[in-house]
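A.B. asks: Questions regarding the structure given below will be posed in turn.
A short reminder: the numbers here are calculations on the coordinates, not readings from a lab. Values in this document were obtained by computation on a predicted structure and should not be read as measured data. Cβ placement follows ideal geometry from the backbone for every residue including glycine, while neighbour counts extend to all protein chains displayed.
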C-alpha cells in the first residue's frame, strides 16, 4: 500500500507534466474557453467567438503536485508490511 | 419669380433628404460586434471580450459632427478564458453583474472632427457608466460610413452600415471596482477597445 501510493503520486506528477507540455506548456492560468477570431468580410471587423476547450495551465500543474504530495504524504502513515 | 421659388423649394427638399440623419442599431445577430478589455496581472494579462452589444447612434453623412448616441454592453456577456477568473469578475466584489447589468457610453459632445471620404475621426466626450458609477470621459473614435453595404452583412436587407472603432483606457478605481485594492495582482488600468457595426435598414 505504501509503495502503491508513492507510485501513484509519481505517475500523477509525470502524467500531469506530460499532459501540460503536450497541450502547449501554457504558463498562464488554465483555460476552458478559447477565443477564436472571426472576420466579417463586409465591415473588416474582427469578431471573437469563445469556444469550449481545455488548455491546462500552472494551476493545473499545481493541483497535480498538491494531489501527488497528499498521496505521498499519506504513504508515510501507512504501516509497513511486516516481513 | 415662381420658377425661382420652385427651384429654391426643390433645392431645400433635396438638401434635406441628402442631409437626413440616420439611426444605426448596434444589436448584432451575427455576434461580430465586440468590446475587448485587457488588464495587466503578474502571471499573464487578463484578456477578455464582451459580445452583448446594443444601442443606437444617430449619424448624418453630411454632418458627422452632429453624431450622437449610446452604446450598451451587457455585463454578463463579458468572457474570460479561465472560469474562476470570470466568476470573480462578475461577482459582487468586482463588477457585481447581478446588480449592474449594463455598461454604457452615451455621447454628449464631439470635437476635433476630421473627415476623409467616408471616414470620420473625432474625440467624443460622453458619460461612461460602469458598476453604477457614471463619469465623463473623452475617447478617440473612428467612424466609417458604408452606404448600401448592409446587404453584404445581412442577406436580403438593404441599407447602410456604420462602423465604430475606439480604443481608450479607464481606471477601475474611478468606478468603485475594488479601488486601491489588489493593484499588484489586477491592474487599476483597463484597456478597452470597441469594434462594432450598426445597421440602418432602408
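A.B. asks: Using the basic label-point model (7 angstrom from Cα toward the beta carbon), what is the residue B:133 to residue B:74 distance in nanometres?
C.D. replies: Result: 2.6 nm between the two label points.
A.B. asks: What FRET efficiency, computed as 1/(1 + (r/R0)^6) with R0 = 35 Å and r the Cβ-Cβ distance, is obtained for residue A:11 and residue A:36, rounded to the nearest 0.05?
C.D. replies: Details: r = 34 Å, r/R0 = 0.97.
Plugging the Cβ-Cβ distance into 1/(1 + (r/R0)^6) gives 0.55.
A.B. asks: In what sequence do A:13, B:196 fall when counting other Cβ within 10 Å, fewest first? Working shown, then result.
C.D. replies: On the way: A:13 18, B:196 25.
In increasing order of surrounding Cβ atoms, one gets A:13, B:196.
A.B. asks: Sticking with this structure for a sec: What full-extension length gain, to one decimal in nm, is calculated for residue B:125 and residue B:60 as 0.36 nm per residue of separation minus the Cα-Cα distance? It would help to have the intermediate numbers written out before the result.
C.D. replies: On the way: separation 65, 0.36 × 65 = 23.40 nm, distance 1.81 nm.
Contour length minus Cα-Cα distance gives 21.6 nm.
A.B. asks: Continuing with this model, one more query. For the range B:53-100, what does the relative contact order come out to in percent, with C-alpha contacts under 8 Å and a separation of six or more?
C.D. replies: Numbers: 46 pairs, mean separation 12.3, N = 48.
Relative contact order of the range B:53-100: 26 percent.
A.B. asks: Determine the calculated [θ] at 222 nm for chain A from helices alone, applying -39500 (n - 2.57) to every DSSP H run no shorter than 4 residues and normalising by the residue count; nearest 500 deg cm²/dmol. Present the calculation step by step, with values, prior to reporting the outcome.
C.D. replies: On the way: 2 runs with 39 residues, N = 83.
Helix contribution divided over all residues of chain A: -16000 deg cm²/dmol.
A.B. asks: Gaussian network model of chain A, Cα springs within a sub-10 Å range: biggest mean-square fluctuation belongs to which of A:12, A:45, A:71?
C.D. replies: For chain A, modelled as a Gaussian network with Cα springs under 10 Å, the answer is A:45.
A.B. asks: While we're here: Give, as ranges by residue number, the residues of the range B:43-74 whose backbone N falls under 14 Å from the point 7 Å along Cα→Cβ of residue B:154.
C.D. replies: Residues B:54-57 qualify, since their backbone N sits under 14 Å from the label point.
A.B. asks: Find the centroid of the Cα atoms in the range B:43-113 and in the range A:38-79, then give the distance between the two in whole Å.
C.D. replies: 28
A.B. asks: Residues of the range A:42-83 with the amide nitrogen closer than 11 Å to a label point 7 Å from the Cα of residue A:2, along Cα-to-Cβ, please.
C.D. replies: Of the residues in the range A:42-83, A:75-83 have backbone N under 11 Å from the label point off residue A:2.
A.B. asks: With n ≥ 4 as the cut-off for DSSP H runs, can you work out [θ] at 222 nm for chain B, using -39500 (n - 2.57) per run divided by the number of residues, rounded to the nearest 500? Provide the component values of the computation, followed by the final result.
C.D. replies: Values: 3 runs with 29 residues, N = 202.
Value at 222 nm, helices only, nearest 500: -4000 deg cm²/dmol.
A.B. asks: Taking the number of other C-beta atoms within 10 Å as the exposure measure, put B:94, A:29 in order starting with the fewest. Write down the numbers at each step before the final one.
C.D. replies: Values: B:94 17, A:29 22.
Result, fewest neighbours first: B:94, A:29.
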